[in-house]
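Inspection log for the structure reproduced underneath, given as C-alpha cells.
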Amino acid sequence: MNDTVTVGTPRSEEEIDQLLAEHSRTYVRTADQSAHWLDRQIPENIRVVRRGDVVCGGLVLLPMGQWFGGRLVPMTGIGGVGIDPDDRATGLASALMRSTVQELNDKGVALSALYPATQPVYRRVGYELAGSFVSYSIPVNTIDVRDRELDIELFDPVDLAVIQRLYAERARASNGWIDGAPDKMWERMFDERGSAGVHTYLVGGKDRPQGYVIFSQSSADSDGWKHNIEVRDIVALTPAAARRLLTFFADHRSFANNVTWAGPVADPLLFHIREQDWKVGWAYNWMLRITDVERALSERGYPSGLEAELHLKVTDDILPSNDGSFVLTVSGGKGEATRGGTGSVAIDVRGLAPLYSGFLGAEELASTGYVNGTPEDMAVATAIFGGPAPSLTTFF
C-alpha cells in the first residue's frame with residue numbers, strides 16, 4: 001500500500017470528484033452546493049493532499065491584498081480547508097498547510113490569512129490570532145435617525161468600478177480589510193443563490209457617491225411578510241452618508257424586523273444611533289501568517305508623523321528565510337526592512353502577526369511569551385504598528 005503524502009494541484013477530474021466528496025462531508029453540504037463552491041474557484045489555486053493516489057482533503061488559495069497602515073499588502077487567503085473525517089488527526093492537515101506556507105514564501109507573498117475552524121493546526125505552521133470579524137444586529141424600529149439630506153437610489157445595473165472605488169477608500173482607513181478587486185469575491189457578494197434577490201443602493205448620486213449598501217432579505221416569521229435585512233456590504237464615507245443609510249433601514253420598519261451587518265470592533269455607524277440597542281450577533285477572530293517578513297514589513301503603511309527604527313530578531317521554525325534579524329526603518333509613513341541589526345526585540349513569527357496587524361501592542365503581547373525586549377524598545381514597537389483595531393468584514 002502506498003502511504004506517501006503529496007500536495008499539489010488536482011491531476012485529473014477523478015481527483016476533483018474526490019475533493020468535492022470530501023468537501024461535502026466536511027462542510028455538510030449537498031453535492032450541488034459543493035460543486036457551486038468549486039465552480040467559483042480558479043482551478044490553478046486549488047490544492048489537494050493525497051495519501052498515495054487517494055485525495056484526502058484540500059484547500060483553495062485566494063490571492064488578494066490586505067490593508068495595513070493605509071497601504072495594500074499582498075496577501076493570500078486560505079479557504080475551504082478540509083480533511084476527510086476518517087483521515088483526521090493523521091498529520092495530513094499539517095502536511096497540507098506546511099506545503100502551502102512554503103509555497104507562498106517561495107512566491108514572495110507577504111501575508112496569509114484565514115478563518116480557523118480549529119486553531120492548533122494553523123498555529124503549528126506559524127499563524128496566530130490577528131483581528132476580528134464582528135456581526136451586528138439592531139431592530140429596525142429602534143433606529144431613530146431621520147436624515148434625508150442625501151439621495152439614495154437603487155443602483156441597477158451596478159457599476160462595479162464605482163463600488164470598488166468607494167470600498168477601497170473606506171478600506172484604506174482601516175487595518176485588515178481585504179482588497180475588493182478580486183472578481184470572485186465580488187461575484188459572491190452579488191450571488192443570488194438562496195436569496196429572494198440582492199439589492200444595491202447608492203448614496204449621494206452617481207456624480208458624487210458617498211456610500212452604498214448591498215443587501216438581501218430573508219423571511220422573519222411564518223407568515224412570510226415580515227423579513228430581516230441582511231447586509232452583505234456597507235460603506236459610508238461621510239457622516240451624511242452614514243445617517244442616510246441608517247434612515248433607509250429605519251424606513252423599512254413596517255415590514256422589517258432587524259438589520260444585520262458586519263463591521264469593525266468600533267464601528268463608526270454605531271456612533272449615529274442614540275441608544276445601544278444593537279447586539280453583537282457573532283464575533284470571531286481570524287488568523288494571520290507573516291509568510292515573507294522582509295516584504296511584509298516593507299510594504300505595510302505606518303504612522304505618517306513617526307520617525308523610528310526597530311531591531312527585530314524573528315524566530316520562524318517553519319520558514320528558514322524568515323528566521324533572523326531585521327532592521328525596520330520608518331519614515332514618512334513608509335517602512336524599509338533590511339537584514340541585520342541588534343535584534344533587541346526578540347519575537348516568534350506567530351507573535352509578529354498580532355503585532356503587525358495592531359491586534360496587540362508589544363507590551364500586551366509580552367504576556368503570551370511571544371516577544372521580549374526592553375520597555376523602550378517595546379514602546380517603539382507598539383507605536384510603529386499602532387492604528388485602527390484590525391477587522392475583516394468579509395468571510396472567505
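Values computed for the structure shown
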| item | result |
| --- | --- |
| Qualifying positions in segment 349-396 - of a type in the set (S, T, N, Q), assigned to a helix (DSSP H, G or I) and surrounded by 24 or more Cβ atoms within 10 Å (Cβ to Cβ) | S357 |
| Tally of residues being among the basic types (K, R) and free of Cβ contacts under 8 Å to residues at least 60 places away in the same chain across segment 335-353 | 1 |
| Given (1) more than 25 Å from G197 (Cα to Cα); (2) touching a Phe, Trp or Tyr at 6+ places or on another chain (Cβ under 9 Å); (3) among the aliphatic types (A, V, I, L, M); (4) not assigned by TED's automatic domain parsing to the domain that holds P354, number of the condition L237 does not satisfy | (2) |
| Lone qualifier among P268, P320 - being over 22 Å from A381 (Cβ atoms) and outside the structural domain of G369 (by TED's automatic domain parsing) | P268 |
| From W261, W286, residue being buried (at least 17 other Cβ atoms within 10 Å of the Cβ), over 24 Å from P74 (Cα atoms) and either among the aromatic types (F, W, Y) or modelled with pLDDT under 95 (or both) | W261 |
| Residue match in segment 373-395 (condition: touching a Leu at 6+ places or on another chain (Cβ under 9 Å), within 16 Å of S112 (Cβ to Cβ) and either in the same structural domain as A173 (by TED's automatic domain parsing) or of a type in the set (S, T, N, Q) (or both)) | no |
| Residue count, segment 17-52 (criterion: among the charged types (D, E, K, R) and out of contact with any helix residue (DSSP H, G or I) (no Cβ under 9 Å at 6 or more places or on another chain)) | 4 |
| Residue in segment 159-170 that is assigned to a strand (DSSP E or B) and surrounded by fewer than 21 Cβ atoms within 10 Å (Cβ to Cβ) present | no |
| Only listed residue being of a type in the set (S, T, Y), surrounded by fewer than 21 Cβ atoms within 10 Å (Cβ to Cβ) and under 18 Å from S298 (Cβ atoms), chosen from T342, T338 | T338 |
| Any hit, segment 141-158, residues being in a strand (DSSP E or B) and closer than 24 Å to V280 by Cα | no |
| Residue, farthest from S391 (Cα to Cα), within segment 31-70, restricted to residues that are of a type in the set (V, I, T) and modelled with pLDDT of 90 or more | V54 |
| Residue list for segment 241-258, filter: of a type in the set (S, T, N, Q) and surrounded by fewer than 19 Cβ atoms within 10 Å (Cβ to Cβ) | S254, N257 |
| Number of the condition not met by P303 [criteria: (1) surrounded by fewer than 18 Cβ atoms within 10 Å (Cβ to Cβ); (2) more than 17 Å from A383 (Cα to Cα); (3) touching a residue at least 40 places away in the same chain (Cβ under 8 Å)] | (2) |
| Test: residue in segment 282-290 that is farther than 30 Å from T394 by Cβ and either of a type in the set (K, R) or touching a residue at least 60 places away in the same chain (Cβ under 8 Å) (or both) | no |
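Residue by residue, here is whether (1) hydroxyl-bearing (S, T, Y); (2) touching a residue at least 24 places away in the same chain (Cβ under 8 Å); (3) buried (at least 16 other Cβ atoms within 10 Å of the Cβ) holds:
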residue: E13; (1), (2), (3): no, no, no
residue: L19; (1), (2), (3): no, yes, yes
residue: E44; (1), (2), (3): no, yes, no
residue: W67; (1), (2), (3): no, yes, yes
residue: P74; (1), (2), (3): no, yes, yes
residue: D87; (1), (2), (3): no, yes, yes
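The values are calculated or read from the model by the stated rules, or taken from the named source; none is laboratory data. Bear in mind that the values here come from a model prediction, so they are computed numbers and not experimental data. In this analysis, Cβ positions are derived from the backbone assuming ideal geometry, glycine residues included, and neighbour counts consider all displayed protein chains.
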